[in-house]
Amino acid sequence: MTSDKWTATDIPDQSGRVAVVTGANSGNGLETARALAGRGAMVVLAVRDLDKGGTAVDAIRAEHRGADLVLQELDLASLNSVRGAASAIGDRFERIDLLVNNAGVFHTPRRQTADGFEIRMGTNHLGHFAWTGLLLDRLIPVAGSRVVTVSSNAHRYRSRIDFERFGVAQGRSQSAAYGRSKLANLLFTRELQRRLVAAGAPTVALAAHPGWSETGILRHFPGIRIVHPLIGPLRHSAAMGALATLRAATDPAASGGQFYGPDGFMEMRGHPVLVPSSARSRDAELQRRLWDASQELTEVQFEV
């Protein structure tokens with residue numbers, strides 16, 4: 001691991017770069033978009049709720065006058081929405097320098113996506129898998145382009161993937177379902193990086209996790225109002241949580257396949273550094289199986 005205290009002031013100038021951030025209307029996604037816009041990037045805020053997205057745009061422009069921002073509707077729980085949004089962005093932009101797959105759901109009322117997938121795997125992984133595949137042609141020609149996918153330390157816990165039931169409900173535990181989706185994020189990143197290298201593409205794929213940051217992802221967690229005073233001191237702000245993503249996205253020293261997270265106790269809070277991931281996430285055969293299953297379910301084929 002590294003030990004330097006990397007902050008948003010270390011983000012290089014992003015002028016002339018196009019960054020697309022999913023879930024950019026709140027939490028870590030909003031802070032990621034805010035920081036990139038503040039360093040000169042044109043930022044596309046890809047959000048499910050356009051009203052909340054508009055509020056986020058106003059908040060960023062209040063801090064960074066003249067920020068170059070674009071709002072794009074995107075519901076990762078619907079492959080039709082993913083295809084429509086990717087087509088709209090592809091028509092508007094000839095190049096994308098940075099794709100940040102940030103949006104996610106955790107403890108939410110039990111339901112399925114529009115395509116019948118378990119909501120966490122369908123949104124956190126399959127939606128982003130299709131989204132990335134449909135936009136990759138705008139990234140591959142661009143020197144220095146990156147795909148950064150936000151995972152979680154939950155990828156370590158109760159996260160074995162049953163490919164016989166992949167994409168559908170696997171057990172009753174919502175925490176386990178979330179862990180599987182976050183493992184999938186890492187497996188996807190590693191397999192995408194392998195394929196990009198094999199193709200000789202200039203694009204690289206990295207992953208990050210925010211630690212335990214103060215966002216709305218736990219809003220449906222039972223008893224959150226009761227336990228919040230107890231867990232509050234263990235968490236850090238959304239701005240701090242976004243730093244791992246921002247480092248993976250902008251640090252000139254970062255390279256494909258790396259995983260960034262906080263440097264504090266149990267990686268729950270702190271400054272972003274290189275962190276290890278589980279042995280399961282590094283299993284090359286598992287990465288290939290997930291890739292093949294994801295292509296079959298989403299019907300999206302990658303150029304690499």
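All of the numbers you see were taken from the coordinates with simple rules; none came from a lab. Only a predicted model underlies this, so the values are computations on that prediction, with no experimental measurement involved. In this analysis, Cβ positions are derived from the backbone assuming ideal geometry, glycine residues included, and neighbour counts consider all displayed protein chains.
Data overview
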| item | result |
| --- | --- |
| Estimated vicinal HN-Hα couplings, Hz - the range 265-281 in sequence order (Karplus 6.51, -1.76, 1.60; Gly, Pro = x) | 4, 6, 6, 7, 7, x, 8, x, 9, 5, 10, x, 10, 5, 4, 4, 5 |
| Built amide H within the under 5 Å cut-off of VAL273, gap 5+ | GLY261, ASP263 |
| Helix-only [θ]222 nm of the chain, DSSP H runs n ≥ 4, -39500 (n - 2.57) each, per residue, nearest 500 | -12000 deg cm²/dmol |
| Hypothetical label at ALA143: residues of the range 81-112 whose amide nitrogen lies under 18 Å (7 Å Cα-Cβ projection) | 95-98 |
| Taking only Cα atoms of the range 13-297, radius of gyration then Dmax in Å | 17.4, 52 |
| Gaussian network model of the chain, springs between alpha carbon atoms under 10 Å - residue of ASP51, ASP115, ASP68 with greatest fluctuation | ASP51 |
| Gap separating the Cα centres of the range 1-50 and the range 82-124, nearest whole Å | 18 |
| In Hz, Karplus ³J(HN,Hα) per residue of the range 55-64 (6.51, -1.76, 1.60; θ = phi - 60°; x = Gly, Pro) | 5, 5, 4, 4, 5, 5, 5, 5, 8, 10 |
| Among GLY241, GLY38, GLY261: highest mean-square fluctuation, GNM of the chain, C-alpha pairs under 10 Å | GLY38 |
| Loop-located GluC sites (Glu not before Pro) in the range 1-102 whose Cβ has at most 13 other Cβ within 10 Å (DSSP) | GLU94 |
| Estimated vicinal HN-Hα couplings, Hz - the range 6-21 in sequence order (Karplus 6.51, -1.76, 1.60; Gly, Pro = x) | 6, 10, 4, 5, 8, 5, x, 4, 10, 4, x, 9, 10, 10, 10, 10 |
| Beta bridges per DSSP with both ends in the range 13-297, % antiparallel, nearest 5 | 15 |
| Virtual spin-label span in nm between GLU63 and ASP91, 7 Å along Cα→Cβ | 3.2 |
| GNM top mover of SER237, SER15, SER277 - the chain, alpha-carbon springs below 10 Å | SER15 |
| Alpha-carbon centroids, the range 239-304 and the range 178-215: separation in whole Å | 3 |
| Whole-percent pair-distance distribution, where bins are 5 Å wide, for the alpha carbons of the range 60-210 | 2, 10, 17, 20, 19, 15, 10, 5, 2, 0, 0 |
